[in-house]
Amino acid sequence: MAARPAPYLDDLNPEQRRAVETLDGPVLMLAGAGTGKTKALTTRIAHLLNTGRAQPNEILAVTFTNKAAREMKNRVGRHVGGVIEGMPWLGTFHSLCNRLLRRHAEIVDLKSNFTILDTDDQIRLLKQLIQAENIDEKRWPPRLLASIIDNWKNRGWTPDKLPASEAGAFNHRGPELYDAYQKRLITLNAVDFGDLLLHVLTIFQTCPDILEKYQRWFRYILVDEYQDTNVAQYLWLRLLAQGHRNICCVGDDDQSIYGWRGAEVGNILRFEKDFPGATVIRLEQNYRSTSHILAAASGVIAANEDRLGKTLWTEAEGGEKVRLIGHWDGDEEARWIGEEVEAYQRGTRGLDPIGLNEQAILVRASFQMRAFEDRFLTIGMPYRVIGGPRFYERMEIRDAMAYFRVVVSPDDDLAFERIVNTPKRGLGDKALATINSFARENGVSMMDAARTVVADGGIKGKGGKNLDELIRGFDRWRAIMRWSAQPGLQDDDVIDVDEPMPERPAGLDAPLSHIELAELVLEDSGYTAHWQNDKTPEAPGRLENLKELIRALEEFENLQGFLEHVALVMSNDTEDSAEKVTIMTLHAAKGLEFPVVFLPGWEDGLFPSQRSMDETGLKGLEEERRLAYVGITRAERHCTISFAANRQTYGQWNSQMPSRFIDELPQEHVDVLTPPGLYGGGFGAAATASPAAQMMRGSDLMEKASKADVYNSPGWARLQKNSGRRSMRAPSEARNMVIDAAATPAFELGERVFHQKFGYGTIAAFEGDKLTIDFEKAGQKKVVASYVTAANE
Ligand code: ATP
Ligand code: MG
């Protein structure tokens, strides 16, 4: 096939071009942040397609997040000048393994409609097993066991392959509990995250014919962020690539930040040994960041001992230095950053305006997000949280999804247990225990057990009647789903071929879409009514969330696809193009770039984390430092690092020290800012010591200024009186008290109110202390109740 023109190659430097054009044999691209590794990888896919080397479905490409996979698809599409007819094998390890496992589930005794458990389900299951063994849960918590098991799975160890060295785990009970857990999962037709990969690995290892088929099928394998693969992923890749060896991996040892989850940076260093004769390509030009940002990042990472070391340079000289600022506390920090985001948006200091989509706040720990969310709600700044407090983890969402799960997989016991008495159906513990033990004794699902127990009159009274009704409901919803799915309306995968096609369900004239079905399920089951009748202030917000859930379904073809998506993505990261500032964790930000980046919370104990500081040896600390490097290198033009003198963690106030990483920032690339309104302009000029030392002085001064404010507030006095403590260091608490003292009046739905920024509006919904208000001028917005007063007309 004659090669079509390849204009995309002109955008690459010679080394990148070599990575793209060396199509056969193993290729390793090992290079620093922002040097165009992902760009080269994407172009390589385009080139494979364009030269006719492979069809879209013959390329296996692994990205780190679902978002990265989507982006890559779009970019490849642009390069080859049109829409590619699907790249079904471009995704994360989890999504790719999910696909493979559904095809071959029976080999590991699963059915193809298996459920993917989330952490919550997983913990619940482990708890049951621990309780059944009469192990003291307090000393040996399920969470600990969960992380031990995850760790084993990350290493590719099934229960029968567990090495002797692990025998002592979890008070010597670990191995047997692991075995029991795996068996239980199989009975439940369920897998956890680690299983997705582990089962596929087992299939490849036990069925050479299947492995061979895929080895032949995937003619080209590409892996981004290779430094963060764990052992199981590494084995998986190595098996698949063994045939033709057309594998191209890209990574950066300085950005290995998932060691705590079993990632082995050694994988990248071992590549040349595993694939002798590999072409190794190094890139040195950074195209992302200005020289100050790059120098700051390089300065920090240079403090790590365990690294290959590399040079990076950029043509983007000059620009703004990395800015450093200290604050009194986390709320103050959030307030200041909010103002800075607005300032960039407007265009200040002679800069062009920078939109909200181009700005990101990257936090070390997800609890830090709360202060930003609250602040942004207050000032009406649109934001998106990625990987944060998760929509899909809310109670009502999990309940609703459990209903959907049972419709899709009636054997999903965990889902069934969750909703069998939600809303209340008069089923007591005794009734549930009866069903549970029947299920265990007869090796059937809870649903089947309930069916038999009810038919035999085993549950008396209202509870029995309601349960009977629920079971009939599920039968009907499932029949509707399956009947509506034919012919060819839905993905064939959904339909279990062993189950006969249902007759047209009575009363159903036309097929229902999965969206209509979902609404029907929530209504007929009484779940929607349950929240409609609930008088607590949260109820309207929960109903709103349920509506949002139904809206989210629109992007999917069927319920199963949606459930899989949620299980795999587990965060509210649906694409949305609206202008919003992004809040996310540093871990989730890997591979991304933003013109403006804020890095708050650079304090010892938070960043680097306490755990890494307590550890003996440098391993943990070095990983934190790589995380700092990842953070700074996300910034293209503006990077602001900040810290607070006081921070509330887990409900407790701590006095913070600036992060040791701040000392490692090369001074000549850093601009130390004076916190506004406290000391005029003199502070920066007086600076002679390291940035951290300067900032310590800053926080001392600040402490005096802000404390005076707080001490004089009525809230502080009341707090002291109430608590009887004299020297309580809780300034923000005091400040919140001031707001609380102003008292949030109890609003009513539909009430007309006044908001400090948006003016008049009427209340459309409540969710905790947040109100959704239809503003007369500003449209609908979510705001914090304490900034709203009753409209006085
Ligand atoms: P990270 O390590 O952070 O994942 P990376 O090495 O994958 O970074 P990319 O995201 O591919 O880097 O590229 C960084 C930026 O540089 C992108 O905006 C990309 O478009 C741009 N870029 C990459 N290569 C070139 C090039 N040859 N010419 C111009 N711009 C480039
Ligand atoms: Mg990248």
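The values are calculated or read from the model by the stated rules, or taken from the named source; none is laboratory data. Predicted, not measured: the structure shown is a model, and the values here were computed from it. Cβ sites come from the backbone with ideal geometry, for glycine too, and all protein chains shown count toward neighbours.
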> Mind checking whether some residue in segment 544-566 is outside the structural domain of residue 663 (by TED's automatic domain parsing) and basic (Lys, Arg)?
Replying inline: yes
> Is it the case that segment 363-372 has a residue that's within 20 Å of the chain's Cα centre (by Cα), over 21 Å from residue 439 (Cα atoms), assigned by TED's automatic domain parsing to the domain that holds residue 321 and at pLDDT 90 or above?
Replying inline: yes
>> Condition first: outside any helix (DSSP H, G or I), within 20 Å of residue 323 (Cβ to Cβ), more than 16 Å from ligand 2 (Cβ to nearest atom) and not charged (D, E, K, R). Now tell me which residues in segment 616-656 satisfy that.
In response: 638, 639, 640, 641, 642, 643, 644, 645, 656
> Quick check: is even one residue across segment 337-354 free of Cβ contacts under 8 Å to residues at least 60 places away in the same chain and β-branched (Val, Ile, Thr)?
Replying inline: yes
>> Among the listed residues 14, 5, identify the single one that is surrounded by fewer than 18 Cβ atoms within 10 Å (Cβ to Cβ) and within 13 Å of ligand 1 (Cβ to nearest atom).
In response: 14
> In segment 18-37, which residue that is surrounded by fewer than 24 Cβ atoms within 10 Å (Cβ to Cβ) and on the phi > 0 side of the Ramachandran plot is farthest from ligand 2 (Cβ to nearest atom)?
Replying inline: 25
>> Looking at the structure I just gave you, is residue 640 modelled with pLDDT of 95 or more, β-branched (Val, Ile, Thr) and farther than 30 Å from residue 112 by Cα?
In response: yes
> Only one of these conditions is not met by residue 550: (1) surrounded by fewer than 21 Cβ atoms within 10 Å (Cβ to Cβ); (2) part of a loop (DSSP other than H, G, I, E, B). Which number is it?
Replying inline: (2)
> residue 293 passes all but one of (1) within 23 Å of residue 39 (Cβ to Cβ); (2) more than 16 Å from ligand 2 (Cβ to nearest atom); (3) under 23 Å from the mean Cα position of the chain (by Cα); which number fails?
Replying inline: (3)
>> If residue 120 meets every condition in (1) more than 22 Å from residue 205 (Cβ to Cβ); (2) more than 18 Å from the chain's Cα centre (by Cα); (3) assigned to a helix (DSSP H, G or I) apart from one, which number is that one?
In response: (2)
> Does residue 487 satisfy being modelled with pLDDT under 90, farther than 30 Å from residue 373 by Cα and not charged (D, E, K, R)?
Replying inline: yes
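Matching residues to (1) modelled with pLDDT of 95 or more; (2) surrounded by 23 or more Cβ atoms within 10 Å (Cβ to Cβ):
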{"position": "559", "(1), (2)": "no, yes"}
{"position": "571", "(1), (2)": "no, no"}
{"position": "575", "(1), (2)": "no, no"}
{"position": "579", "(1), (2)": "no, no"}
{"position": "598", "(1), (2)": "yes, yes"}
{"position": "630", "(1), (2)": "yes, yes"}
{"position": "636", "(1), (2)": "yes, no"}
{"position": "661", "(1), (2)": "yes, yes"}
{"position": "667", "(1), (2)": "no, no"}
> Considering segment 514-550 alone, what residues qualify as being under 20 Å from the mean Cα position of the chain (by Cα) and farther than 24 Å from residue 475 by Cα?
Replying inline: 545, 548
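Looking only at segment 255-296, which residues are within 16 Å of ligand 1 (Cβ to nearest atom), part of a loop (DSSP other than H, G, I, E, B) and in contact with a helix residue (DSSP H, G or I) (Cβ under 6 Å, 6 or more places away or on another chain)?
256, 257, 258, 265, 283, 286
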> Restricting the search to segment 134-155, which residues are closer than 26 Å to residue 202 by Cβ and either of a type in the set (Ser, Thr, Tyr) or not in a helix (DSSP H, G or I) (or both)?
Replying inline: 147, 155
>> Restricting to segment 38-66, give me the number of residues that are touching a residue at least 12 places away in the same chain (Cβ under 8 Å), part of a loop (DSSP other than H, G, I, E, B) and more than 15 Å from ligand 2 (Cβ to nearest atom).
In response: 4
